[in-house]
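Scroll down for the structure; my scribbles are underneath it.
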Amino acid sequence: MAEITKTIHTKYTAAEMKLYVNQHILSRKELTALLNSAVWVGNTLNVKSKLGSGTVVLSDNLVEISITLSFFGKLAQKQLESEFDAGFKQLHSKK
């Protein structure tokens, strides 16, 4: 099975990143159309869709993305990775 696994180092706290994810990533139409559910448990976002399921774990200065893709998700892997990259690129450097 295919997976998306990314580690992103940032200069933000977990709380700052959680706010950012809620405001700038989960609100992206391209991404919300792909997600059936996105539920926070502490600083872990559990995501599920027809394309796969997994987690986005936030720690101070670190984002860890781990998504196991379904057959359809594997077909859209590059697009999904591009959406995550676009969404999280603002976290690479603090304003």
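Identify, please: which residue in segment 63-95 is hydrophobic (A, V, I, L, M, F, W, C) and loosely packed, with under 15 Cβ neighbours inside 10 Å and is, among those, modelled with the lowest pLDDT?
The initial filter retains those residues of segment 63-95 that are hydrophobic (A, V, I, L, M, F, W, C), namely 63, 65, 67, 69, 71-72, 75-76, 80, 84, 86, 88, 91.
With the extra rule that they be loosely packed, with under 15 Cβ neighbours inside 10 Å, the set shrinks to 71-72, 75, 86.
On the way: 71: 89, 72: 85, 75: 88, 86: 80.
The qualifying residue modelled with the lowest pLDDT is 86.
Restricting to segment 1-56, name every residue that is within 15 Å of residue 86 (Cβ to Cβ) and of a type in the set (A, V, I, L, M, F, W, C). Within segment 1-56, 4, 8, 21, 25, 26, 31, 33, 34, 56 qualify.
Restricting the search to segment 9-61, which residues are under 18 Å from residue 79 (Cα atoms), in contact with a helix residue (DSSP H, G or I) (Cβ under 9 Å, 6 or more places away or on another chain) and aliphatic (A, V, I, L, M)? Answer for segment 9-61, where residues must be under 18 Å from residue 79 (Cα atoms), in contact with a helix residue (DSSP H, G or I) (Cβ under 9 Å, 6 or more places away or on another chain) and aliphatic (A, V, I, L, M): 25, 26, 31, 34, 51, 56.
The values are calculated or read from the model by the stated rules, or taken from the named source; none is laboratory data. Note that the structure is a prediction, hence the values are computed from the model and not measured. FYI the Cβ positions are ideal-geometry reconstructions off the backbone, even for glycines, and counts take in every protein chain you see.
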